[in-house]
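Working notes, beginning with the structure itself.
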Amino acid sequence: MLIKNGKIHVTSHSLAVFDFDGTLSLKSDSSSWKTVHDYFGTWESHGKAILAKFLKGEISYYEFCRLDAKTWKGYLESDYYKALETIVLRDGLSDLVTFLKEKGFTLAILSMGLFTVVDQIARKYKFDYWIANDIVRINNQITGEVKINIGWKKKGTILQSILKKYNIDKNNCLAIGDASADIEMFEAAGISIAIEPSSEEVAKAADFVCQGKDLREIISFFE
């Protein structure tokens, strides 16, 4: 896979790897964790301060996630599912998936968001591989603990392992994301697309920038 005359040219079996929050979902749902906070009404009282501590480097990524989960300790799992059901996907996902599969792509999702919603969408659209973080639930209740499958700035390393698993060369990998946490994923791929990038840094790290909300715009980048 290479860029030819400003377009992506597919030369052999390739991998397309997507972020989820803010990439497959709308920017308004740029964090599935925040979506749960908003649904439970805990963003202003807890979530905002927890995020600020993480961004200031006062707590680790694991502690950041654990404190979020601790905020919801005792909440019903059924209500947690209802919160995630409010996440809205970008238009065009079905068409984009069909297009990429016809091009011979293996499809993957690497998300630091919540596994429950990622798993649902990955199965619905028949992705080949997906990984995300999760909060622990037992007996229909949130326990306050977390399961971190993707740590902060670890997407690049995980993508390398996926490429090895499917025996696909880095140059035949397309990475699609929107945030600073996706930059390492961009660097581990041969070609990258930033969709509604969250910052200029993210836009500059990508080979292509998509400013539209519809995922079908990505198809226009192909030869």
Give me the residue from the stretch 164-199 that is aliphatic (A, V, I, L, M) and in a strand (DSSP E or B) and, out of that set, nearest to Gly104 (Cα to Cα).
Leu174
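In the stretch 190-205, which residues are of a type outside the set (S, T, N, Q) and free of Cβ contacts under 8 Å to residues at least 24 places away in the same chain? Explain how you work it out, then say what you get.
Start the filter on the stretch 190-205 by keeping residues that are of a type outside the set (S, T, N, Q), which leaves 190-191, 193-197, 200-205.
Across the stretch 190-205, the qualifying residues are Ala194, Pro197, Glu200, Glu201, Ala203, Lys204, Ala205.
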Provide a single number: the residues in the stretch 128-152 that are of a type in the set (A, V, I, L, M), in contact (Cβ under 8 Å) with a residue 24 or more places away in the chain, more than 16 Å from Phe18 (Cβ to Cβ) and part of a strand (DSSP E or B).
4
Which residues, taken from the stretch 62-80, are in contact with a helix residue (DSSP H, G or I) (Cβ under 7 Å, 6 or more places away or on another chain) and closer than 30 Å to Asp128 by Cβ?
Phe64, Asp68, Tyr80
Considering the stretch 95-109 alone, what residues qualify as being hydroxyl-bearing (Ser, Thr, Tyr) and free of Cβ contacts under 8 Å to residues at least 12 places away in the same chain?
Thr98
Give me the strands (runs of 3 or more DSSP E) completely within the stretch 1-42, filtered to those with at least 3 residues that are out of contact with any Asp or Glu (no Cβ under 8 Å at 6 or more places or on another chain), ordered by residue number.
14-18
Please go through the stretch 107-154 and pick out each residue that is modelled with pLDDT of 95 or more and at positive phi.
Lys126, Asn139, Asn140, Gly144
Please work out which residue is farthest from Lys48 (Cα to Cα), limiting yourself to the stretch 63-103 and to residues that are of a type in the set (Asp, Glu) and assigned to a helix (DSSP H, G or I).
Glu102
Those residues of the stretch 206-222 which are free of Cβ contacts under 8 Å to residues at least 40 places away in the same chain and in a helix (DSSP H, G or I), in sequence order
Ser220
What is the number of the single condition among (1) among the aromatic types (Phe, Trp, Tyr); (2) more than 24 Å from Val202 (Cα to Cα); (3) crowded, with 18+ Cβ neighbours inside 10 Å that Phe99 does not meet?
(3)
Restricting attention to the stretch 34-70, which residues are farther than 15 Å from Trp152 by Cα and in contact with a Phe, Trp or Tyr (Cβ under 8 Å, 6 or more places away or on another chain)?
Lys34, Val36, His37, Phe40, Thr42, Gly47, Ile50, Asp68
Criterion: of a type in the set (Val, Ile, Thr) and surrounded by fewer than 19 Cβ atoms within 10 Å (Cβ to Cβ) - qualifying residue of Val88, Val36
Val88
In this structure, does Val202 turn out to be farther than 18 Å from Lys101 by Cα and part of a strand (DSSP E or B)?
no
Conditions first: (1) among the basic types (Lys, Arg); (2) modelled with pLDDT of 95 or more; (3) out of contact with any His (no Cβ under 9 Å at 6 or more places or on another chain). Lys48 passes all but one, so which condition is the exception?
(3)
Gly113 passes all but one of the listed conditions (1) in a loop (DSSP other than H, G, I, E, B); (2) surrounded by 15 or more Cβ atoms within 10 Å (Cβ to Cβ); (3) among the small types (Gly, Ala, Ser); the exception is number (1)
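The values are calculated or read from the model by the stated rules, or taken from the named source; none is laboratory data. Everything quoted here is computed from the prediction, not taken from an experiment. Reconstructed Cβ throughout: ideal geometry from the backbone, glycine too, with neighbour counts over all protein chains shown.
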